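First the structure, in the form of structure tokens, and then the observations on it.
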Amino acid sequence: MASMSGDRVDLIAASLRHQSEPASEEAMLVEAAREGDRAAFGRLYDRYARMVHGILLARVPVRDVDDLVQDVFVMALRRLSTLRDTRSFGAWLAAIARNLANDHYRRLAPEDQLTEEASDTDNKADGENDAAAVLEVVRSLPDAYRETLILRLVEGMTGPEIAARTGLTHGSVRVNLHRGMQLLRAKLSPNPETEP
Amino acid sequence: MEMKNEAQATIGDYLWNGSGEPDPEIQRLEGVLGQFRHDRPAPVFPELVPSRRRMRWIPVFAAAAAAAVVVVTFLIAHEKKSAPVAVAGWSVSGVAGAPRVGNKTVGVNAGAGRLGVGQVLETDQQSRARLQAEQIGQIDVEPGTRLRLLSMGTGLKRIALDRGTIDAFIWSPPGEFVVDTPSAMTVDLGCAYTLQVDDAGDGVVRTSLGWVGFKLNGHESFIPAGAACKTRPKTGPGTPYFEDASPKFRNALTRFDFEDNTPQQRADDLAIVLAEARTHDALTLWHLLARVEDGQRVIVYDRLAKLAPPPAGVTKAGILRLDQPMLDLWWNQLGFDDISIWRHWEHAWAGTSAAALGK
């Protein structure tokens with residue numbers, strides 16, 4: 001059997017760990033955060049920061065993502081009392097992130113929307129240019145695919161983890177990953193004949 | 001063949017949860033894109049004001065609290081009544097001309113409208129429209145089209161295409177999005193396809209990405225990317241074929257599916273199809289196994305076995321008696337897609353939606 005890299009072991013371990021996480025533990029964290037427990041909210045941040053970061057990265061310029069991650073959590077903190085079902089915290093947070101990303105995108109000047117990553121790449125090393133170029137291809141995919149693929153390929157989340165965090169079904173995540181990868185392979189392929 | 005299926009499964013597992021045989025391209029993408037990964041520690045968040053302060057119940061406040069509850073309850077109920085009700089449906093935007101939802105025109109620059117359950121969208125010869133639903137996909141509606149939204153919600157999403165052309169790009173899970181036409185039910189199993197229905201109810205589906213299932217009266221056709229399939233009212237789906245097959249092959253197949261009236265005509269056209277078939281046309285021959293008369297099945301088997309030898313576990317006797325697991329095993333060997341996706345969703349339908357579909 002081939003040996004596994006550290007990242008892979010982490011990924012599988014995260015998958016297994018996540019499957020055994022009791023949903024009620026999260027509800028308790030949300031409840032505690034509502035009561036003003038900042039440590040509990042910090043733990044929610046640790047759990048969900050990658051999801052929020054990935055959702056934003058799928059929609060807004062890279063340079064703005066980190067600031068917006070913080071904005072999403074601050075907004076969530078302020079609105080936490082309006083969350084009716086503590087079990088749906090992830091889906092609720094994802095909705096806040098998507099809304100904030102859309103608002104941010106609308107506020108960008110048109111030239112920033114179209115050229116920001118391209119101009120950024122001019123001053124970067126080859127590896128960074130390659131990464132930016134691949135990211136742009138991923139971001140050119142339909143919403144559902146690009147978000148799920150970024151959570152998987154950039155943030156290193158497993159399929160089960162993406163499903164649990166975002167509130168999507170396993171089936172939806174699986175199909176988004178599968179179809180998104182098909183499209184991504186086709187777009188990255190230098191030979192159109194290899195397209196699916 | 002088993003090794004191939006196993007490889008497909010393990011690649012799928014790697015994408016799903018990092019287990020199984022690593023896919024080199026996915027690993028490369030993980031490496032390249034990993035530099036964008038979130039790596040910042042939690043910031044210091046502002047002090048929270050608890051949403052619910054614990055308070056002692058002082059009797060004198062109890063009556064006031066109860067009264068407040070009554071007032072707030074009334075206000076909430078009132079607010080709920082006056083709040084707009086979310087309507088399940090697709091958003092509709094005009095792309096050209098003046099598409100209509102019912103009697104209402106959807107202007108090109110007027111922003112998105114709504115196609116609700118039971119409503120009809122029509123485009124004239126100068127109009128085009130686009131339907132979008134975040135959890136389902138996007139449908140471009142070409143000129144001269146009439147379609148109806150039959151259902152939305154968490155289960156099956158259905159529209160009926162009465163006539164015209166739609167280009168569908170679907171990302172809901174396989175089997176959830178269905179288009180009824182006068183001559184077949186189209187089931188999305190993949191990504192992108194074009195469906196045309198003429199005024200007589202004749203239809204054709206062309207798949208550009210993924211694959212699509214056609215179904216009517218027990219007739220099933222699987223149409224992978226690059227292939228097409230015709231349907232006719234009452235007859236249902238024909239046999240799928242690749243559009244780059246020879247004209248002789250395609251014409252004979254159309255006659256075999258829809259026009260031949262005598263056993264001799266069918267035998268003659270079947271002979272042409274078998275003679276003209278290329279390796280790639282195993283798609284067509286596999287479907288024909290279940291569509292020819294019992295006595296003709298052996299010649300289809302022989303030709304298909306020559307073009308795409310059956311895998312271990314598939315016997316001639318089994319195929320001649322249309323053993324389903326063996327047919328599925330052979331299909332998977334052809335390299336179009338794993339038929340278990342279809343079987344899974346077909347099974348799901350059988351329990352939940354077949355009655356609703358009336359098929």
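If you take all other residues with their beta carbon under 14 Å from the beta carbon of B:Phe258, and give Lys and Arg +1 and Asp and Glu -1, the sum is +1. Listed cross-link partners B:Lys104/B:Lys157; B:Lys104/B:Lys230; B:Lys104/B:Lys234 are compared with a 26 Å cut-off, the Cα-Cα value being larger for B:Lys104/B:Lys230; B:Lys104/B:Lys234. Give the residues of segment B:267-289 whose amide nitrogen is closer than 18 Å to a point set 7 Å from the Cα of B:Ala305 in the direction of its Cβ. Zone members listed by number: B:274-275, B:279, B:282-283, B:285-289.
Here A:Arg87 and B:Gln265 are evaluated by their C-beta separation; at R0 = 41 Å the FRET efficiency comes out at 0.05. For the pair B:Asp39 and B:Ala200 in one chain, pulling the backbone fully straight at 0.36 nm per residue adds 51.9 nm over the alpha carbon distance. Averaged over peptide A:177-189, the number of partner chain Cβ atoms lying within 10 Å of each residue's Cβ comes to 4. Look at A:Met28, A:Met51, B:Met326 and count the other Cβ atoms within 10 Å of each Cβ; fewest to most, that gives A:Met28, B:Met326, A:Met51. A simple spin-label model places the labels of A:Glu35 and A:Arg79 2.5 nm from each other, with each point 7 Å out along Cα-to-Cβ.
The ranking of B:Ser93, B:Ser127 by Cβ neighbour count inside 10 Å, starting from the fewest, reads B:Ser93, B:Ser127.
The mean number of partner chain beta-carbon atoms within 10 angstrom of a residue's beta-carbon across peptide A:148-158 is 5.
Label separation (B:Ala290 vs B:Lys316): 2.3 nm, computed from points 7 Å beyond Cα along the C-beta direction. Between B:Asn103 and B:Asp328, the FRET efficiency from the beta-carbon distance, with R0 = 60 Å, is close to 0.80.
Neighbour counts of other Cβ atoms within 10 Å put A:Leu77, B:Leu322 in the fewest-to-most order B:Leu322, A:Leu77. Net charge near B:Leu304: determine it from the other residues with C-beta under 14 Å of the C-beta of B:Leu304, scoring Lys and Arg +1 and Asp and Glu -1. Neighbourhood net charge equals +3.
We did not get these values from a lab; they are worked out from the coordinates using the rules stated. Since this is a predicted model, take the numbers as computed values, not measurements. Cβ: placed from backbone, ideal geometry, glycine included. Neighbour counts: every protein chain shown.
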